[in-house]
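Could you have a look at this structure, given as structure tokens, before my questions?
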Amino acid sequence: MQVTEPDKEPEEDITLTADALKAMGHPLRWRILCVLGNNEMSVGEIVEKIGTSQSNVSQHLDQLRNKNIVKSRRDANRIYYRVRNDQLLELIGTMRSVLCHTNLDDMPPPD
């Protein structure tokens, strides 16, 4: 096991983190994460809420799963997805509150 200085992250951790954030940064994948929230949903349920094709949603879910952002389980012929853990749910919630459109405006909110 390699010991590192407290304020320095191993290069591999930095790369994995950047790759995960990049995966979440795609507009459709971000919508999928927002739709999932803390629920477990099938691909079909996600498709109904987002309104794009099942193959498109499946491809993006595969990307999120490969980056360890969501996990899946199979039940008969359906696959269910959920955000991997509470820390990711908290991160997604924080990113939504900080980066949503209203918080990016330079104008003060209306009275």
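Tell me the net charge near residue 42. Cut-off is 13 Å between Cβ atoms, residue 42 excluded, with +1 for each Lys or Arg and -1 for each Asp or Glu.
Working: positive: 49, 73, 74, 78, 82; negative: 40, 45, 48, 75.
After counting each charged neighbour, the total is +1.
With labels modelled as points extended 7 Å from the Cα through the Cβ direction, what inter-label distance (nm, one decimal) is found for residue 38 paired with residue 18?
Output for this residue pair reads 3.3 nm.
Using the beta-carbon distance between residue 26 and residue 74 and R0 = 22 Å, what value does 1/(1 + (r/R0)^6) give for FRET efficiency, to the nearest 0.05?
Working: r = 25 Å, r/R0 = 1.11.
After rounding to 0.05, the efficiency reads 0.35.
Now for a different question. Sorted by mean Cβ packing within 10 Å, highest first, what order do the peptides 59-65, 72-78 take?
Values: 59-65: 17.6, 72-78: 8.9.
Going from most to least packed, we get 59-65, 72-78.
Where Rh is the Kirkwood radius over the Cα pairs of region 11-104, the temperature 20 °C and the viscosity 1.002 mPa s, what D in µm²/s does Stokes-Einstein return? Before the final figure, lay out each step's value.
Working: Rh = 13.7 Å.
Roughly 156 µm²/s, to the nearest whole number.
Would you calculate the separation in nanometres between label points at residue 86 and residue 48, each defined as 7 Å from the Cα along the Cα-to-beta-carbon direction?
For residue 86 paired with residue 48, the spin-label model returns 2.9 nm.
A short reminder: the numbers here are calculations on the coordinates, not readings from a lab. Worth saying up front: this structure is predicted, and the values here are computed from it rather than measured. In this analysis, Cβ positions are derived from the backbone assuming ideal geometry, glycine residues included, and neighbour counts consider all displayed protein chains.
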